[in-house]
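Just below is one structure, and these are the notes that go with it.
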Amino acid sequence: MGDLPQDLSRFQHPRFARAYARLSAEAETHATGELRERLLAGLSGRVVEVGAGNGLNFAHYPAEVREVVAVEPDDVLRTYAERAAPAAKVPVRVVAGHGGALPVADGGYDAVVLSLVLCSVPDQRAALAEVRRVLRPGGEVRFFEHVRSARPAVSLLQHAVTPLWRLVTGDCRPNRDTARALRDSGLVVEECERFPFKALPSSPTLTHILGRARNP
């Protein structure tokens, strides 16, 4: 999509962003850091990270990664990410943008990282089409997302609370079937681990997926 400026006004949630930055930093030492390490292990080459948040993934990129373009629409979180970037072991460039129109060229990247972002993008189909656009043929997608429960009663509850949840969590939707969206996008899902996870002892337990897919 080039470097044209984007209207990111609908992605601004400053109160939630400040709370998320604080809580995610606490969660990093609880268990999330280990999952980020697994998410990014073995990556190399040029990487786009979609929805980089406050930059907590940056410290976990392996040295074989030559470049990370970290795309983040929220002004507050992007400022945190810009502060985190210089401490990374790999070159990280933080840019303004959103998942539905990634500000990078077609087919130029070896991998795309999706980390706790597909719950909040306005349109999963559009975001995943962008992922495929920027990936080279055979490029890899790494994903770590919370998803809709497979238990019918819990799933119904997630549907019921989604309108309020979105209001207080920066437009996050807990009722999305993200694993299916990944498959339906045309990506080839090669590995997908499904597990319950609490980011903090006080957090609700949510079903998460962690895995990898390939751009055919």
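The values are calculated or read from the model by the stated rules, or taken from the named source; none is laboratory data. Here the structure is a predicted model, which is why all the values come from computation and not from measurement. Using ideal geometry, Cβ is built from the backbone for each residue, glycine included, and neighbour counts are taken over all protein chains shown. The area values use the complete protein model at the heavy-atom level, side chains included, leaving out ligands, DNA and RNA. Shrake-Rupley method; radii C 1.70, N 1.55, O 1.52, S 1.80 Å.
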Relative contact order in percent for the range 144-216 (Cα pairs under 8 Å, 6+ apart) equals 36 percent
Once all protein chains are kept in place, Arg212 shows an accessible area at probe 1.4 Å, nearest 10 Å², of 70 Å²
So the FRET efficiency between Arg136 and Arg15, C-beta based with R0 = 45 Å and rounded to 0.05, is 0.70
Length-normalised contact order of the range 78-151, Cα under 8 Å, at least 6 apart, in percent, tallies to 33 percent
Under 5 Å from the placed amide H of Ser120, counting only residues 5+ away or on other chains, we find Arg173
Distance in nm between Arg151 and Asp7 label points, each 7 Å along Cα→Cβ, equals 4.3 nm
When all Cα-Cα pair distances of the range 163-216 are considered, the percent exceeding 18 Å is 47 percent
Heavy-atom accessible area of Glu28, protein chains in place, probe 1.4 angstrom, given in Å² to nearest 10, is 40 Å²
Mean projected area, convex hull of alpha-carbon positions in the chain, reported to one decimal in nm², is 10.8 nm²
Mean projected area, convex hull of alpha-carbon positions in the range 26-120, reported to one decimal in nm², is 5.8 nm²
Expected field for Phe16, accessible surface area in Å² at 1.4 Å probe radius, rounded to 10, holds 60 Å²
Expressed to two decimals, the range 77-169 has a Cα Rg over Rh, using the Kirkwood radius, of 1.03
With only helices counted (DSSP H, runs n ≥ 4, each -39500 (n - 2.57)), the per-residue ellipticity at 222 nm for the chain, to the nearest 500, works out to -9500 deg cm²/dmol
Contact order relative to length for the chain, counting C-alpha pairs under 8 Å separated by 6 or more residues, stands in percent at 19 percent
Along principal axes, largest first, the alpha-carbon spread of the range 104-216 in whole Å comes out as 40, 26, 24
